[in-house]
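Below is one structure, written out as structure tokens, with a few remarks after it.
Bear in mind that the values in this text are calculations on the coordinates, not laboratory data. Please read these numbers as outputs of a predicted model, since none were measured by experiment. Heads up, the Cβs are rebuilt from the backbone with ideal geometry, glycines too, and the neighbour counts pull from every protein chain shown.
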Amino acid sequence: MMPAIFFLRSCPRSATRWYMEAVLKYRGRLVTPADVRFIRELIAAHPDANRRALSRKICEAWGWMQPNGELRDMVCRGMMLALYRAGHIALPPARCKISRAYRRERPEAVLVDSSTLRCGLGELEPPRFRQVRRTGEEPLFNHLIAEYHYLGYTRPVGEHLKYLVYAGSRPVACFAWSSAPRHLKPRDRYIGWSKEARRDNIRYVVYNPRFLIPPWVEVRHLASHLLGRMVRMLPGEWERFYGHPVYFAETFVDYEMYKGTCYRAANWVHLGRTTGRGKDDQTGRANRSLKDVLGYPLDKRFRELLSRVE
């Protein structure tokens with residue numbers, strides 16, 4: 001399908017009518033009455049299909065794919081739910097619901113050597129980075145985060161990668177990376193992109209929700225050293241797994257507890273401070289701790305690349 005902005009410019013009369021007839025705009029896609037009729041007919045033709053199966057059929061019919069070739073069925077399910085709530089379609093009952101309690105279910109414990117590892121950075125065996133999502137080492141990563149990170153473990157959603165860093169046979173660090181929040185004022189102000197550019201390019205920003213050096217690892221400057229190595233390899237790793245690069249990295253630091261010293265030593269930039277309201281805020285009042293927002297350009301042309309509008 002031709003991008004909406006280009007279509008509007010090249011065929012203003014017909015495109016404007018098409019835009020005005022749209023019943024929903026979801027994640028940059030305009031859903032027309034014809035799309036709604038198609039979804040209704042699809043649901044009627046598959047009365048025993050659950051929501052996930054229906055969303056996959058819609059993605060296949062529309063060619064709605066992620067850059068890595070996977071179907072965008074999670075996004076499609078969100079669109080279907082928005083249509084359902086607006087009264088445009090009827091959906092089969094949800095067969096399961098992923099609650100916050102489920103996402104915070106404590107991972108199974110894994111035995112790990114927690115004896116003190118104390119040495120200089122130059123004396124440490126060369127660190128090895130291993131992407132462990134969907135591998136046999138993922139339970140170890142989950143256990144270490146649950147046991148030793150002050151925020152605990154939360155099941156990630158969206159695009160995400162998990163890294164264990166080994167020195168010899170021992171894990172000495174954990175990195176989690178995931179899709180970035182869609183709205184973040186300090187970051188948006190720093191990049192200087194428009195709402196349209198953010199909508200089109202948010203997938204090129206990656207978020208670091210967890211970084212852990214286990215408490216038994218006592219190696220000065222290890223954290224900033226690993227951060228520096230991690231961000232250099234991250235764009236290539238992300239493109240290998242998801243079929244698209246990332247141009248900017250960000251993280252939050254609870255400034256009442258930490259100074260973010262290792263990030264600053266690795267040349268991350270202080271972008272500002274959160275409002276403490278969270279993405280689901282309905283009151284306009286702070287309901288959680290304020291956090292410093294730190295960012296790191298992964299490409300020198302990050303502003304140019306992130307400000308493009310398709």
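Structure summary
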quantity: Order by protection proxy (mean Cβ within 10 Å, highest first), peptides 75-83, 186-194; calculated: 75-83, 186-194
quantity: Pair Arg95, Tyr255: separation of 7 Å Cα→Cβ label points (nm); calculated: 4.8 nm
quantity: Radius 12 Å from Cβ of Gly272, net charge of other residues (Lys, Arg +1; Asp, Glu -1); calculated: +2
quantity: Charged-residue dipole, Cβ positions (Lys, Arg, Asp, Glu), the chain about Cα centre, Debye nearest 20; calculated: 960 debye
quantity: Bins of 20 Å from zero: percent of alpha-carbon pairs in the chain; calculated: 27, 55, 18, 1
quantity: Net length gained if the chain between Tyr84 and Ser194 were fully extended (0.36 nm per residue, minus Cα distance); calculated: 36.6 nm
quantity: Farthest toward positive dipole pole in the chain [+1 Lys/Arg, -1 Asp/Glu at C-beta], among His149, Gly260, Ser115; calculated: Gly260
quantity: Exceeding the 24 Å Cα-Cα cut-off - candidates Lys195/Lys300; Lys185/Lys300; Lys57/Lys195; calculated: Lys57/Lys195
quantity: 5 angstrom amide H check on Leu71, placed H, neighbours 5+ away; calculated: Gln66
quantity: 5 angstrom amide H check on Asp299, placed H, neighbours 5+ away; calculated: none
quantity: Local electrostatic count at Trp62 - Lys and Arg +1, Asp and Glu -1, tallied over other residues with Cβ under 10 Å; calculated: +1
